[in-house]
Amino acid sequence: MELGGGGDAVPCGKDKFISRNELLLHLKTYNIYYEGQNLQLRHREEEGELIVEGLLNISWGLRRPIRLQMQDDNQRIRPPPSSSSWHSGCNLGAHGSVLKPSTLPDIPVTDGNPAPGTEHPGNGAAPRPADEAPQLMRTRSDVGVRPRGSARTPGEQRRLRRHRFSINGHFYNHKTSVFTPAYGSVTNVRINSTMTTPQVLKLLLNKFKIENSAEEFALYMVHTSGEKQKLRGSDFPLLARILQGPCEQVSKVFLMEKDQVEEVTYDVAQYIKFEMPILRSFIQKLEEEEDREVKKLKHKYSILRLMIEQRLEEISEGPTAM
């Protein structure tokens, strides 16, 4: 569909265009819906081309697990213990040997709340409270006075274990590096209106460091009616989202496997929500209507057959009468 001339038409897919004014109207409605939220979109002009950019919500719709990298690039690696990382409870000699406990200096025990103005021995500065210390080195006395309330409860320990073995609330098996996203859970990526479907897929997989190929997946526009429309390689997902409207209760963008999902047209989607008894009644009515149409056709062609046979008899009797 060709619209206007010059920069009046904005491509939104292969051989599909939309006028600039209509797109800006949809964008205005979109931003009003998400007013005050980070899902609002921005637009700018670049060399006469209208570019829209912002966050796009994508729901996980995978039926099979996906593979993740074994180690994240930003994961902290714990260094091996060295002489500089020993606790203050162990004193080292000049050559790194551990001194005997008898060589430890006697430390006088003072009251827990010293009087104001009392200076810390050795440095002339007031002692800093333990909770404000940037690095509190553990000594033998620290272990003895540790309050019992600081121990984690079994519930907290289970929660921590679940947190370690999940990513964004989704189960993750560290041994096999397998990631199972919860169906319908939402993530988002920052894209612009010039990015095609394959580019958005690669960006999403790179965000979560998924090792599966982008060729295994596809983006689908899924409606609450049951309609599923696959976004083609030449489509622009952000523009498709804008044109469908901002309300995700009506339609959502899903990431799904190509070989697990079939497109559902609008005509078929009308019947998906009905119960089986209602669908059977529809089929029965369609069969009755089909039978009536078949009877009409048979009656029609039987009449035509009689007319043709009568005409053939008349033609065959004509020469004999002469």
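The range 205-287: which trypsin sites (Lys or Arg not before Pro) are DSSP loop and have at most 13 other beta-carbon atoms within 10 angstrom?
LYS273
A DSSP coil position with no more than 12 other Cβ atoms inside 10 Å describes the following chymotrypsin sites (Phe, Trp or Tyr not before Pro) in the range 175-222: TYR183. For PHE282 and THR224, the difference between the fully extended length at 0.36 nm per residue and the C-alpha to C-alpha distance is 18.7 nm. With the whole protein complex present, ASP291 retains an accessible surface near 90 Å², based on a 1.4 Å probe.
Any of LYS209/LYS273; LYS228/LYS273; LYS202/LYS258 with alpha carbons more than 25 Å apart? Name them for me. Display every interim value, and only then the final one.
Details: LYS209/LYS273 37 Å; LYS228/LYS273 14 Å; LYS202/LYS258 15 Å.
Long pairs (Cα-Cα over 25 Å): LYS209/LYS273.
Using the Cβ-Cβ distance between GLU47 and ASN206 with R0 = 41 Å, the FRET efficiency computed as 1/(1 + (r/R0)^6) comes to roughly 0.90.
Computed extension length for GLN260-VAL186: 24.7 nm, one decimal, from 0.36 nm per residue of separation with the Cα-Cα distance subtracted. Taking Cβ atoms as reference points and 12 Å as the exclusive limit, the residues near ARG190 contribute a net charge of +1, counting Lys and Arg as +1 and Asp and Glu as -1.
In the range 274-314, the portion of solvent-accessible area held by carbon and sulfur atoms comes to 60 percent [1.4 Å probe, whole percent, DNA, RNA and ligands not counted]. Heavy atoms of the protein chains alone define the surface here; on that basis the range 274-314 has 101 Å² accessible area per residue at 1.4 Å probe size. The ILE272 and GLN69 beta-carbon pair, evaluated with R₀ = 45 Å, returns a calculated FRET efficiency of approximately 0.75. Looking at the range 261-315, the GluC sites (Glu not before Pro) that sit in a DSSP loop and have at most 15 other Cβ atoms within 10 Å of their own Cβ are GLU262, GLU263, GLU275.
The values are calculated or read from the model by the stated rules, or taken from the named source; none is laboratory data. Since this is a predicted model, take the numbers as computed values, not measurements. Ideal geometry is used to build each Cβ from the backbone, glycine not excepted, and the neighbour counts take in all protein chains shown. Protein only, heavy atoms only, side chains kept; ligands, DNA and RNA dropped before computing areas. Shrake-Rupley method; radii C 1.70, N 1.55, O 1.52, S 1.80 Å.
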